[in-house]
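Notes follow once the structure below has been shown.
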Amino acid sequence: EPEVTQTPSHQVTQMGQEVILRCVPISNHLYFYWYRQILGQKVEFLVSFYNNEISEKSEIFDDQFSVERPDGSNFTLKIRSTKLEDSAMYFCASSVRGTMNTEAFFGQGTRLTVV
Amino acid sequence: GENVGLHLPTLSVQEGDNSIINCAYSNSASDYFIWYKQESGKGPQFIIDIRSNMDKRQGQRVTVLLNKTVKHLSLQIAATQPGDSAVYFCAGPDKLIFGTGTRLQVFP
């Protein structure tokens, strides 16, 4: 069964360092998303990506964040200068169509710990 | 904008009983909802969805009810099993906005 895969599963980084979280969406999907979940809190939307550009982003997705689809398979989230409050689970998701009337498939997440 | 939230943070049920998890939404124009299950350390997993032209939809051991009048939906799990223990989220159609989640605990 096709699935969204994320690497690494756990990333520890020092405050101020850059991190890149990687995702391989399901191959025939066209819409890609990043979400984060701070421990014990709800899942929060960060950004959606379609046709090689950001289609929507939340207030959380400030200038420290960027996304890229460098090739035909990977979808990355970069945090330029990590802060302690960036510590969270980051989930990548993909869907065949946009979020309207379709389910999104989630990866297992990357736990980012900023120390 | 959409605001999807849950009434109860934790629900404890005995194995074999039925579970009902509730969710409220604020945007009456919302026309599609999804229930996700999130087990510890994993990403959300699709359970069932419902469109606004339906009041009820059934899956395997799960039923979702949608009451558009009061902007409320519920997830019913029949014969709850230990493997059902997880956090359950309802999500709206726009950017899959998630509610806080309800933790379902199943005890023997």
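A short reminder: the numbers here are calculations on the coordinates, not readings from a lab. It should be emphasised that the depicted structure is a prediction, and the values quoted were computed from it without experimental measurement. Cβ sites come from the backbone with ideal geometry, for glycine too, and all protein chains shown count toward neighbours.
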### Message
Given the protein assembly as shown, report the % of alpha carbon pairs whose separation exceeds 33 Å.
### Response
16
### Query
Efficiency by 1/(1 + (r/R0)^6): what FRET value for residue A:20 and residue B:81, r their Cβ-Cβ distance, R0 = 35 Å, to the nearest 0.05?
0.35
### Summary
A correct Stokes-Einstein calculation for chain A, using the alpha-carbon Kirkwood radius, 10 °C and 1.306 mPa s, returns a whole-number D in µm² s⁻¹ of 113
#### Entry: Phi to ³J(HN,Hα) by Karplus 6.51 cos²θ - 1.76 cosθ + 1.60 over the range A:58-64, Hz, x for Gly, Pro
9, 5, 5, 7, 8, 5, 6
### Task
Report the net charge of residues surrounding residue B:67, where surrounding means a beta-carbon distance below 12 angstrom and charges are Lys +1, Arg +1, Asp -1, Glu -1.
+2
### Task
Mind checking the full-extension length gain between residue A:115 and residue A:39? Use 0.36 nm per residue of separation minus the Cα-Cα distance, one decimal, nm.
25.8 nm
### Summary
Mean per-residue count of partner chain Cβ within 10 Å for B:97-103 equals 3
### Query
Which number comes out as Rg/Rh for the range B:4-107 once both Rg and the Kirkwood Rh are worked out on C-alpha atoms?
0.94
### Task
Can you work out the PRE-style zone for residue A:54? Point 7 Å along Cα to Cβ, and I want the residues of the range A:10-34 with backbone N under 12 Å.
A:34
